[in-house]
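Following: one structure in structure tokens, then a few remarks.
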Amino acid sequence: GMSTMIKNLVTSSGAKAFDGALKDTVSPFLASRKGNQGYYDPEIGDYVDGTDVTYTGRGVFGSYNDFEIQANQIDINDVKLTCLQDEVGDKPKVDDTIAHNDTIHSVVSVKQDPSGATWTIQLRGLANVG
């Protein structure tokens, strides 16, 4: 249908932009979340032998403009990650961690554009590593 056509158009032109004009600003990232929690060990009061889910993607890391910050309870230091859904290995979820350029961020919100081609992910820095 029409929405599939739009999605394909946005995805293909988006991929061209990612490979062309935006190439210098597009960065790969590694994301992870707690997956299977394993079993609860009352001795240590935590879950052990859990497996984390990891996935990769690439996108443009940018900042929010003043309007977005005022309208949406966005922290001035939050990072806006825009990525093509086709290039992200899993659906991002709130509280996932995303590592990029020696910085670890926590996912605060995930929005999908109406055509289903891109994710806009709000990130909040956790710590600098390295």
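Throughout, read-outs are computed from the coordinates displayed, never taken from laboratory work. This one's a predicted model, so the numbers in the text were calculated from it and none came from an experiment. Methodologically, a virtual Cβ is constructed for each residue, glycine included, from the backbone with ideal geometry; neighbour enumeration extends over all protein chains shown.
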Legend entry - Label-reachable residues, region 48-70, where backbone N falls under 17 Å from a point 7 Å from THR120's Cα toward its Cβ: 59-70
Legend entry - Where trypsin sites (Lys or Arg not before Pro) fall in DSSP loop in region 53-130, at most 16 other Cβ within 10 Å: LYS93
